[in-house]
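Written below as structure tokens is the structure these notes are about.
The values are calculated or read from the model by the stated rules, or taken from the named source; none is laboratory data. Bear in mind that the values here come from a model prediction, so they are computed numbers and not experimental data. Positions of Cβ are generated from backbone atoms using ideal geometry, with glycine treated the same way; all protein chains shown enter the neighbour counts.
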Amino acid sequence: MLELGVLISGRGSNLMAILDAIDAGDLDARVRLVMSNKKKAPGLARAAERGVPTLAISHRDYPAREDFDAALVGALREAGAQWVVLAGFMRIVTPVFLRAFPHRVVNIHPSLLPAFPGVDAQAQALAYGVKVTGCTVHLVNEGVDTGPIIAQATVPVAGGDDRDRLAARILVEEHRLLVEALALVAAGRVDVVEEGARARVSIRPAS
């Protein structure tokens, strides 16, 4: 069973997808703690309604990013989390955080990485004029959206799409793909292969 900590900054829709999958028996996991850097993040209330422990720690209370991340690590470890999901967490984690959970921090990003990393990937896709975009679940490294890819899903860009319409369709795939990727991790099918300065994910066949 995956013992998860989930970090959010907003409404927590990907968190809800995880909790729904656990309740349905589709994901062998338990969410030990939901944390946010915003005390009024709607996802905290939604998690509490589901009986999940929550905690808000403001990054503004710490003099440096590393100090904030150390506080996050301490709370996650105390809660018993062994893997961490960044589910709409709008902060770049530091090496302090990554060293505490090596190859065990998962992120969901609304593009087909390596295309359109960073903020507002949906708007980036529209500005570039691509016909297909999507979402990516990847392990987090010290770069921005550069970690080893676990899974991807495509979403066509429709004529007349604006940023919000495209984002809504990508979000549907995010919910599905994140659960699918975590299920692979829970089943022990995700291996990290070091290849020089880079690493990649290898998916073991289902037994």
* Quick one: would you say Leu86 is surrounded by fewer than 19 Cβ atoms within 10 Å (Cβ to Cβ), touching a Leu at 6+ places or on another chain (Cβ under 8 Å) and within 24 Å of His109 (Cα to Cα)? -> no
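This table checks each residue for (1) at positive phi; (2) touching a helix residue (DSSP H, G or I) at 6+ places or on another chain (Cβ under 9 Å).
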position	(1), (2)
Leu19	no, yes
Asp26	no, yes
Ala41	no, no
Ala47	no, yes
Ile57	no, yes
Ala87	no, yes
Ser111	no, yes
Gly118	yes, yes
* Asked: Of the residues that sit in region 146-172 and are polar (S, T, N, Q) and closer than 29 Å to Pro95 by Cβ, which one is modelled with the highest pLDDT?
  -> Gln152
* State the number of residues belonging to region 181-192 that are over 18 Å from Val105 (Cβ atoms) and crowded, with 17+ Cβ neighbours inside 10 Å. => 0
* Give the residue that is nearest to Ser9 (Cα to Cα), with candidates limited to residues of region 58-76 that are under 18 Å from the mean Cα position of the chain (by Cα) and without any contact (Cβ under 8 Å) to a residue 40 or more places away in the chain. => Asp69
* Out of all the residues in region 90-142, which are over 16 Å from Asn14 (Cα atoms), among the hydroxyl-bearing types (Ser, Thr, Tyr) and touching a strand residue (DSSP E or B) at 6+ places or on another chain (Cβ under 8 Å)? -> Thr133
* **Near pairs, Cβ below 8 angstrom, 6+ apart or cross-chain, from region 144-169 (more than 14 Å from Ala127 (Cα to Cα)) to any residue that is in a loop (DSSP other than H, G, I, E, B) and charged (D, E, K, R)** => Pro156/Lys131
